[in-house]
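A short write-up of the structure that comes next.
No lab work stands behind these numbers, since they all come straight from the coordinates. Here the structure is a predicted model, which is why all the values come from computation and not from measurement. All Cβ positions, even for glycine, are placed from backbone atoms using ideal geometry, and neighbour counts span all protein chains on display.
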Amino acid sequence: MKLELAIKEAFNELKKSNIKSALLDSEILISQAINKNREFVLLNSNLKITQKEYFNLQKLVYERKKGKPISYLTGQKFFWKYNFKINDHVLIPRPDTEVVVETILNAFKEKNRINFLEVGVGSGCILLSILKEKKNFRATGIDISSRAIRVCNINAYRLGVKNRVKLFKSDIDKFSKGKYDLIISNPPYIKKLDLKHLEKDIINFEPKIALDGGLDGISEIRKIIKKSSELIKKGGKLVLEIAFDQKKEVKQLLINNGFYINSVVKDYGKNDRCIISTKNN
């Protein structure tokens, strides 16, 4: 079967299952099936694929029809300037989270060396992107999932920053190693009762442990702020990603725990996305 026909067949199957990006997804999936990039696929539409490659494509299309995200099927996601290996043990990096990286780089553009901590490191997309941009920064990442730590470790090696990062399996409650100039977290912040309203691609496939913020959506944020007040140096910064409607509550929690609010940064959709604060004492 020629590539052109295989793409058309995959597109029709995905379209029947109401996959919104059916054409793009079919091109990406056939790229994965034949182990070539999408550009190669588009430029070689008359190329014949093998029986094995066609079988690989059928399996991928079947999984995509069930709603499995394209990034889990390809095992990678582009974030900031880099390609990250991912699997279904970590959240898929979102473009809006790049605002967190941008905010931190702006806040520390005059600093040559800092030691920072990320709580809930996942794939490592935030922490490792910062290390790639700032060659003298050092970092520690923690996560309650050993499988997420494994993914981050792979990405740290691939991006050439493994010698500047330490990773630990730990809940923030139990973590007590070091004092930090900066603490970052993109924590679970979705209300437990709102999880069922998420798109099926998210709720059926992404790790619930990385989504569920408890009944009020801020149970993990509350823990992080409390523990950060112990782990952060005086004058150090805490940067938290939040839901669009959590600004007021999170600001009050920060103030109550001895932090000064520097700013609330909006994402590309003009929603409140992260809060940057400074430890007072």
- In whole angstrom, and with the biggest value first, how far do the Cα coordinates of segment 125-205 range along each principal axis? 42, 28, 21
- What residue among Pro93, Pro188, Pro207 has the largest mean-square fluctuation in a Gaussian network model of the chain, using Cα springs under 10 Å? Pro207
- Quick one: order Leu105, Leu91, Leu29 by neighbouring beta-carbon count within 10 Å, fewest to most. Leu105, Leu91, Leu29
- Task: Give a quick list of GluC sites (Glu not before Pro) in segment 195-247 that DSSP marks as loop, anything other than H, G, I, E or B, with at most 11 other Cβ atoms within 10 Å.
- Result: Glu199
- Query: Hey, in the GNM for the chain with a 10 angstrom Cα cutoff, which one of Lys85, Lys191, Lys20 fluctuates hardest?
  - Reply: Lys20
- Message: In segment 131-164, whose amide N lies under 14 Å from the spot 7 Å out along Cα-to-Cβ of Phe175? List them in ranges.
- Response: 139-146, 148-150, 152-153
- Task: Would you calculate the separation in nanometres between label points at Leu5 and Asn163, each defined as 7 Å from the Cα along the Cα-to-beta-carbon direction?
- Result: 5.4
- Message: Based on Cα coordinates alone, diagonalise the gyration tensor for segment 3-66, multiply each eigenvalue by 5, take square roots, and list the semi-axes in whole Å, largest first.
- Response: 18, 12, 10
- Query: Using every alpha carbon pair in segment 1-155, what percent of pairs falls into each 5 Å bin from 0 up to the bin containing the largest distance?
  - Reply: 1, 9, 16, 16, 14, 12, 10, 9, 6, 4, 1, 0
- So which of Lys191/Lys233; Lys135/Lys166; Lys192/Lys247 end up more than 20 Å apart by C-alpha? Lys191/Lys233
- Where labels lie 7 Å past Cα in the beta-carbon direction, separation of Phe78 and Asp216 in nm: 4.1
- Arranged from highest to lowest average of other beta-carbon atoms within 10 Å per residue, in what order do the peptides 245-252, 123-130 appear? 123-130, 245-252
- Query: What area, in nm² and to one decimal, does the C-alpha convex hull of segment 63-196 cast on average over all directions?
  - Reply: 8.9
- Item | Extension gain from Asn153 to Tyr54, taking 0.36 nm per residue of separation minus the Cα-Cα distance | 32.4 nm
- Would you mind computing Rg(Cα) / (2.2 N^0.38 Å) for the chain, counting N as its residues? 1.11
- Determine the percent antiparallel among the DSSP beta bridges restricted to the chain, to the nearest 5. 45
- Relative contact order (%) - the chain, alpha-carbon pairs under 8 angstrom, separation at least six: 14
- Message: Using a Gaussian network model on the chain with a 10 Å cutoff between Cα atoms, which of Ser229, Ser17, Ser71 fluctuates the most?
- Response: Ser17
